[in-house]
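The values are calculated or read from the model by the stated rules, or taken from the named source; none is laboratory data. Treat the numbers as computed from the prediction; the structure is a model and nothing was measured. Here Cβ is always computed from backbone atoms with ideal geometry, including for glycine, and neighbour counts include all displayed protein chains.
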Amino acid sequence: MTTPPEIKFLVQGSAPEPYTIRFVRRSERNLSAYCNCPAGDKGQICKHRTRILNGLTTDIVSDNTDQVVTVVDWVKGSDVEAAQGDVEIAKRKLEEAQKELKAKKKAFVKRMLD
């Protein structure tokens with residue numbers, strides 16, 4: 001059995017020691033991403049993985065920033081790309097709902113002060 005391709009990065013976060021981020025391409029459709037930051041350890045979205053998935057090299061302290069391009073290529077057509085798209089859609093819906101709520105609250109206050 002062959003070992004799936006893996007790329008690791010060291011990223012400077014808020015802790016003194018850099019966090020380790022690992023991307024493992026299990027197949028063309030399946031990509032796993034791990035980070036040992038507090039959010040990553042809790043199974044939550046972390047900015048370290050997200051930045052790299054979006055092609056950013058911000059805070060990478062390892063000498064392999066050129067491999068970010070490879071990770072971005074792995075994302076294309078993967079389950080991670082689909083899930084990332086779902087998150088962006090949900091964010092837009094949330095922003096729209098927050099704007100609507102703000103307008104409704106403003107109208108509510110206006111009615112109380114008529």
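Residues in the stretch 60-92 that are touching a residue at least 40 places away in the same chain (Cβ under 8 Å) and either part of a loop (DSSP other than H, G, I, E, B) or loosely packed, with under 13 Cβ neighbours inside 10 Å (or both): how many? Counting residues in the stretch 60-92 that are touching a residue at least 40 places away in the same chain (Cβ under 8 Å) and either part of a loop (DSSP other than H, G, I, E, B) or loosely packed, with under 13 Cβ neighbours inside 10 Å (or both) gives 6. Selection of strands (runs of 3 or more DSSP E) fully inside the stretch 4-52 by the criterion of at least 3 residues being within 23 Å of K76 (Cα to Cα), in contact with a His (Cβ under 9 Å, 6 or more places away or on another chain) and of a type in the set (A, V, I, L, M) returns nothing. Apart from one condition, D114 fits all of (1) out of contact with any Phe, Trp or Tyr (no Cβ under 7 Å at 6 or more places or on another chain); (2) part of a loop (DSSP other than H, G, I, E, B); (3) at pLDDT 95 or above; (4) not β-branched (V, I, T); the exception is (3).
From the set of residues in the stretch 1-50 that are buried (at least 18 other Cβ atoms within 10 Å of the Cβ) and among the basic types (K, R), which is farthest from V71 (Cα to Cα)? The qualifying residue farthest from V71 (Cα to Cα) is R49.
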